[in-house]
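Have a look at the structure below, then the notes.
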Amino acid sequence: MSDAYLELVNSGVTKTLAKKLGLPRPAHLRRTDPAAVDTPLIPGRALVIGEGPDTDAVARTLLGWDLDVHRNVPDGRIGAVVVVLTDLTRPEQASQRVLALGSVLRSLAPGGRVVTVSRAAGPHDEPAVAAVRTGVDGLLRSIAKELRAGATGNGIVLGDQISPDAPSAVGALRFLLSARSAFVDGQFVHVNTADGVAPADWTRPLQGRVAVVTGAARGIGAEIARVLHRDGAQVLGVDVPAAGESLASVMNQVGGIALQLDITGADAAARIIERARSRYGRIDIVVHNAGITRDKLLANMKPDHWDSVVAVNVHAQLRMNEAFLATDGLSPDGLRLVSLASTSGIAGNRGQTNYGFSKAAVIGMTRALAPRLAHGAGTANAVAPGFIETEMTARIPALTRQVARRLNSLQQGGQPVDVAETIAFLASPQAGGINGEVLRVCGQNLVGQ
């Protein structure tokens, strides 16, 4: 669904009027051109701020992508600033690098990027070390709220002994710099291990992978199928028989196969496994996208409203995951699970106790599965969308919808492709060291972290 207000404040006389009146002016976001993926990776020069070997490693990574990399402030527009803070041991050491960042923010190009690279605070850290590492959290989230013109700020948090040139640290950096992360803002990607592999072709990292996508007939699910296919995956799309025609259309677009079934059925996983094995021989990626809403205030909630949402949104996932993990040889290189959570499962939402419960449950399930999948070289992660422009949000009353769109730092709703891009990243080989993560795709919505 189009955002008429966004178009008005970015064109003609209404653009000038909005500027004079001081009205919110959301920008057109920099998104991936399917005909020129990751080209250019950033809209200008790259500036790396920091000292020491970790900073040198980040600079080498950027140079390896043929970017115009500077260690001192360059003339002209800056496409991205990467601030390396991994070596800080006391809060007072941060000022020089933070103020250096502040001095160049006005030179950041529209759609530019700020990325911090820091270390996770641990329970055994000295108080000063924990203070500066935790301080980066508030710093980055505040910077993200000060950026304009579609620019975003995000962070990479490295575990102990994880180098900035570990595969998943490099993969996260590329994702956050690129147009793929257009609606990811004010978030941190935690790299827990040195697992993962850099793809031979960064523009098609899923080449040769087989992905199952539930709820693939329309909206976010259809876009997930398209992006996974664009990135090289073979896709098996699943949806209910009532959506069969739409599902067939999407699968024809991506050269995939359609499977009509109800995921709450006891034989759902067996049928998915049988179809995937007979056609492709394996399953590498499962995207649990299918979900429903039955919104009611709890005082008016009927048993069917509660039970149906829990059955589709979480119980079906639990049952299918057990079947996938119990099937020998199904995922020889490790299974990548990515589930759709929601900001409603993080911060709650009026009229959505059932939905909020189910999406919070997905987060708990994901974190519990992460160590289990790691034993088999797999990962379990979740994506939590905020306000996304879909058929479902189009049914929200107009005024409420307008307010919901503006309640984030980018002052607009996200697109289904924004969710799909983040899922594709978490399913990619370069994200093998990211496990148990819940990554929000919400434009830094003002709810929760």
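The values are calculated or read from the model by the stated rules, or taken from the named source; none is laboratory data. Fair warning: this is a prediction, and the values are worked out from it, not measured in the lab. We place every Cβ from the backbone using ideal geometry, glycine too, and count neighbours over all the protein chains shown. When the accessible area is computed, the model is the full protein with side chains, heavy atoms only, and any ligands, DNA or RNA have been set aside. Shrake-Rupley method; radii C 1.70, N 1.55, O 1.52, S 1.80 Å.
Annotations
- Segment 330-449 shape via C-alpha gyration tensor axes, a/c threshold 1.5: prolate
- Part-to-part distance (alpha-carbon centres) for segment 332-401 and segment 99-169, which is given in Å: 24
- Mean-square fluctuations from a GNM of the chain, with a 10 angstrom spring cutoff on Cα atoms, peak among L340, L399, L108 at L399.
- Subtracting the Cα-Cα distance of T39 and D137 from their residue separation scaled by 0.36 nm leaves 32.3 nm.
- GNM top mover of L99, L88, L176 - the chain, alpha-carbon springs below 10 Å: L99
- The slack in the chain from K296 to N72, taken as 0.36 nm per residue of separation less the alpha-carbon distance, amounts to 75.1 nm.
- Rounded FRET efficiency, nearest 0.05, which uses the C-beta distance separating Q253 from L63 and R0 of 25 Å: 0.10
- Cβ charges +1 (Lys, Arg) and -1 (Asp, Glu), total dipole of the chain, debye: 1220
- Counting only residues at least eight positions apart within a chain, or on another chain, the lysines with an alpha carbon under 29 Å from that of K20 are K145.
- Selected from S178, S142, S331 as most flexible by GNM, with the chain as the system and alpha-carbon contacts under 10 Å: S142
- Per-residue ellipticity at 222 nm from helix content only, as computed over the chain with -39500 (n - 2.57) for each DSSP H run of at least four residues, stands at -11500 deg cm²/dmol.
- Per residue, the solvent-accessible area of segment 129-191 (1.4 Å probe, heavy atoms of protein chains only, all protein chains present) comes to 28 Å².
- For segment 405-430, there are no residues whose amide N sits under 13 Å from a probe point set 7 Å from the Cα of T327 along the beta carbon direction.
- Three principal axis lengths of the chain [C-alpha, angstrom, descending]: 59, 52, 45
- Nearest 10 degrees, 0 to 90: helix 353-374 Cα axis against the chain principal axis: 80
- Ligands, DNA and RNA are left out, and with a 1.4 angstrom probe the accessible area of segment 306-439 is 35 Å² per residue.
- Difference of contour (0.36 nm per residue) and Cα-Cα distance, H315 to R279: 10.3 nm
- Per-atom-type breakdown for segment 337-396 gives carbon and sulfur 56% of the accessible area (1.4 Å probe, protein chains only).
- When the Cα positions of A120, L173, P91 are compared along the charge dipole of segment 83-197, L173 comes out farthest toward the positive end, with charges on each C-beta of Lys, Arg, Asp and Glu.
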